[in-house]
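The values are calculated or read from the model by the stated rules, or taken from the named source; none is laboratory data. These figures come from a predicted structure and were not determined experimentally. Counting neighbours? That spans all protein chains shown, and the Cβs are built from the backbone with ideal geometry, glycine included. Accessible surface areas use protein heavy atoms only, side chains included; no ligands, DNA or RNA. Shrake-Rupley method; radii C 1.70, N 1.55, O 1.52, S 1.80 Å.
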Amino acid sequence: MKPYDLPAHRNPLNTRAEVQALVGQLLDPLATRYVNGAAGLHLGNTSAHYAARVAAMEGWSRIVWGLAPLVAGGGTWAGLGRHVDGLCHGTDPEHPGYWGEPGDCDQRHVEMAAIALGLLIAPADFWDPLGAAEKDRLCQWLDFANTRKLVPNNWQFFRVLVNLALIERGRPHNQAKLQESLDFIDSQYRADGWYADAGQFDYYNPFAFHFYGLIYARFQALRDPERSERYSQRAMAFAGQILPWCHEDGSMVPFGRSLTYRFATASFFSACAFAGLEVLPWGVLKGLVLRNLRWWFGQPILDHDGVLSIGYAYPNLIMAEQYNSPTSPYWACKTFLMLALPESHPFWSAAELPLPKLPASTRLPVPHYVLQRTASDTVLLNAGHYAGFELVQNAAKYAKFAYSARFGFSVSHGGYGLEQTGCDSMLLLSLGDNYWRERRQVTEQSSGDGWVHGRWQPWPHTDIHSWVMALGEWQVRLHRIATTEILELAEGGFAAPFCQDFGPEACKEIEDRQRSALDGLACPGAPLQPDGRGAARYDGFGASSLIVDLTPPAGPGRWGAIVAPEPNLNLMNPRVRIPVLRGRIGSGVHLMACAVWAGDAGLLPLAAASLPVLGLAADGRQATVRGVG
């Protein structure tokens with residue numbers, strides 16, 4: 001992959017001034033994209049589940065997440081005046097660019113939050129220039145958040161921010177509705193800093209619940225000290241929960257929905273700084289945010305005009321949700337909140353520090369995750385989750401066994417043929433018709449130090465318990481499958497990158513790299529058979545991925561293969577290869593296990609020397625992996 005030669009990709013992002021410049025480098029390409037009297041932005045012709053006119057308004061609003069902190073901190077942008085004109089036109093029922101009256105659970109309520117931030121932190125630019133009638137119309141339009149139904153999840157914070165902005169600007173607000181939303185938010189809190197967003201534990205914790213809660217705490221510390229302190233303490237607790245998701249190079253583990261918001265995942269650390277909350281040493285917070293921005297702008301996330309694309313590490317519509325319009329990715333601008341802080345603030349004056357030393361594995365008991373750190377990766381081991389509505393690519397985003405900061409994960413085109421599926425980090429099953437089922441909902445979850453467990457049923461006649469364990473450089477999976485059918489199985493390791501080289505040797509390199517690599521890897525406890533049965537290894541570009549069958553000889557045998565998925569299924573690399581174990585089982589109860597490793601190709605011999613060994617009790621009911629039950 002190759003980023004375009006753009007100012008944002010060349011920006012070193014070491015200083016406050018360079019981050020301020022980055023905001024301008026992201027906004028400048030949008031200056032010619034205004035529509036509807038500057039009340040919207042037209043950035044593309046793909047669609048979300050809401051109208052194109054609303055998507056245009058979304059674009060106008062989402063860049064305020066970066067623009068408001070920029071001007072609040074003394075920065076400038078040449079297009080600011082025109083943008084504020086759009087605010088006046090969008091809230092004027094007599095203007096052709098009017099945003100319209102939001103209905104229940106309307107996308108426009110989401111976008112009110114950014115407007116509220118502008119009124120809170122940059123009133124000199126977003127409030128003072130407005131005339132009396134314009135201010136009245138703006139407040140009347142924002143008040144729709146108090147007269148309409150909002151989705152019962154993190155959306156309740158949009159009403160909170162709107163009322164908070166009305167309070168700060170001395171306008172009437174709806175205290176009853178504000179309290180109703182605040183009470184709902186508290187009802188979603190669980191423990192250790194985690195909120196359940198419609199039942200899920202994902203990035204809506206750092207870039208929604210805590211982000212908004214810390215803005216509330218900053219502005220309501222005197223009016224509502226008890227709740228403000230509660231939000232601050234929850235953020236303090238959450239810092240230790242999200243820190244293990246961060247890799248040393250600035251990347252974070254991709255997991256769950258809304259990943260096209262990209263560097264918004266680091267906005268929690270910016271919000272902590274904005275609220276004056278030193279959840280980690282200032283230099284560590286600064287390093288977390290700046291390294292994350294550097295990582296992202298090392299990826300080809302901008303199109304040739306400099307507009308943020310839908311996707312993750314590259315433009316990719318396949319992984320998008322039904323609520324992702326061409327303007328949606330600008331929610332990432334939330335991370336620029338730290339620009340509202342002056343240069344003298346300790347966040348900016350501190351020397352940038354690396355990540356603190358973290359343990360090899362960290363258990364997060366509330367969501368039943370284990371974060372595993374290896375020599376070259378950070379991996380989330382997952383007991384199994386599923387979004388509370390039928391999200392696009394729901395199973396791929398929530399139900400895989402593992403999610404990698406380096407190798408990402410793959411979504412699917414469909415269930416027919418393994419090449420159409422995202423079979424990495426997943427056990428798939430088929431009734432022999434080449435249609436494959438993956439883990440979706442789990443009926444039980446549990447976890448302990450270094451392991452997670454989930455129970456699931458791909459069909460009513462098949463019951464599966466899956467344990468995933470972090471063992472040094474290895475991930476070990478153990479499955480207990482009870483079924484009344486004959487089933488085909490495919491279990492995938494991590495997806496390693498395939499050729500993306502533009503050089504003249506690319507074609508020859510492709511041929512060289514297409515080795516299945518089912519050759520001669522001697523693994524204690526799981527010796528390879530002459531035909532390659534028992535393991536699969538793929539050597540990608542600078543990386544290797546390996547999966548080894550640990551099932552005892554008396555168990556169902558599995559053999560290795562390499563799957564070449566359709567392009568653009570993996571979030572990190574458009575073309576990947578996945579080592580898999582294939583097998584077949586009949587009616588009965590079966591125990592099977594495997595070990596999975598991925599990392600720098602040069603580290604593979606060291607990893608192979610420490611391959612875990614599976615022991616199975618005589619009654620077949622207890623398995624031991626290197627002494628870990």
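I'd like to know which of Val379, Pro359, Pro567 lies farthest towards the positive end of the charge dipole of the chain, counting +1 on Cβ of Lys and Arg and -1 on Cβ of Asp and Glu.
Pro359
Hey, with R₀ at 22 Å, roughly what FRET efficiency would Ala191 and Ala375 work out to, going by the Cβ-Cβ distance, to 0.05?
After rounding to 0.05, the efficiency reads 0.10.
Any idea how far apart Asp449 and Arg10 come out in nm if each label point goes 7 Å out from Cα toward Cβ?
Label-label distance for Asp449 and Arg10, simple model: 5.3 nm.
Among rounded, prolate and oblate, which fits region 41-168 when a ≥ b ≥ c are the square roots of the eigenvalues of its C-alpha gyration tensor, a/c under 1.5 means rounded, and a/b larger than b/c means prolate?
Rounded is the answer for region 41-168, as its axis ratio a/c remains below 1.5.
Return the distance in nm (one decimal) between the two label points of a simple spin-label model at Glu390 and Ile486, each offset 7 Å from Cα along Cα→Cβ.
3.2
The chain: D in µm²/s via Stokes-Einstein (Kirkwood Rh, Cα pairs, 10 °C, 1.306 mPa s)?
62
If exposed trypsin sites (Lys or Arg not before Pro) are those in a DSSP loop with at most 12 other Cβ within 10 Å, what is the longest stretch of the chain that has none?
By the stated rule (loop sites, at most 12 other Cβ atoms within 10 Å), 358-514.
What do you get for GluC sites (Glu not before Pro) in region 55-118 restricted to DSSP loop and a cutoff of at most 13 other Cβ within 10 Å of the site's Cβ?
Within region 55-118, the qualifying GluC sites (Glu not before Pro) (loop, at most 13 other Cβ atoms within 10 Å) are Glu94.
Can you tell me, using C-alpha contacts under 8 Å and at least 6 residues apart, the relative contact order of region 400-488 as a whole percent?
After rounding, I find 20 percent.
Treat each spin label as a single point 7 Å out from the Cα along the C-beta direction, and report the Thr76 to Ala124 distance in nm.
Those two pseudo-labels are separated by 1.2 nm.
Please give the contour-minus-distance gain from Arg584 to Arg53: 0.36 nm per residue of separation, less the Cα-Cα distance, rounded to one decimal in nm.
186.0 nm
Please go through the residue pairs Lys177/Lys397; Lys149/Lys400; Lys2/Lys357; Lys286/Lys357 and name each one whose alpha carbons sit more than 28 Å apart in this structure.
Violating the 28 Å limit, Cα to Cα: Lys177/Lys397; Lys149/Lys400; Lys2/Lys357.
Less than 14 Å from a label point 7 Å out along the Cα-to-Cβ axis of His413: which backbone N atoms in region 575-617 qualify, by residue?
Residues passing the 14 Å test: 575-576.
Counting only heavy atoms of protein chains, what accessible area per residue, in Å², does the chain have with a probe of 1.4 Å?
Value returned for the chain: 35 Å² of accessible area per residue.
Restrict the search to region 165-261; then list the GluC sites (Glu not before Pro) that DSSP places in a loop and that have at most 15 other Cβ atoms within 10 Å of their Cβ.
Glu248
Could you tell me how many degrees, from 0 to 90 and to the nearest 10, lie between the Cα long axis of helix 52-62 and the main elongation axis, the longest principal axis, of the Cα atoms of the chain?
Rounded to the nearest ten degrees, it is 80.
Using only DSSP helix segments of four residues or longer, with each worth -39500 (n - 2.57), what per-residue ellipticity at 222 nm results for the chain after dividing by its residue count and rounding to 500?
-8500 deg cm²/dmol
Å³ per residue of the Cα convex hull, for region 439-498?
Residue-normalised Cα hull volume stands at 108 Å³.
Alpha carbon centre of region 182-260 versus region 80-126: separation in Å?
Comparing the Cα centres of region 182-260 and region 80-126, I get a distance of 26 Å.
If each residue of separation counts as 0.36 nm, what is the full-extension length gain between His461 and Ala132 once their alpha-carbon separation is subtracted?
111.7 nm
Give the residue list of GluC sites (Glu not before Pro) in region 450-501 that are DSSP loop and have at most 14 other beta-carbon atoms within 10 angstrom.
Counting only loop positions with at most 14 other Cβ atoms within 10 Å, the GluC sites (Glu not before Pro) in region 450-501 are Glu485.
Which residue, chosen from Gly414, His453, Trp436, occupies the Cα position most advanced towards the positive end of the dipole of region 350-459, where the dipole is computed from +1 (Lys, Arg) and -1 (Asp, Glu) charges on Cβ about the Cα centre?
Farthest towards the positive end: His453.
Using 0.36 nm per residue, how much length does the chain from Lys2 to Gln441 gain when fully extended, once their Cα-Cα distance is taken away?
Roughly 154.3 nm would be gained on extension.
Run the accessible area of the chain with a 1.4 Å probe and give the carbon-and-sulfur part as a rounded percent.
About 52 percent, which is the carbon plus sulfur part of the accessible surface.
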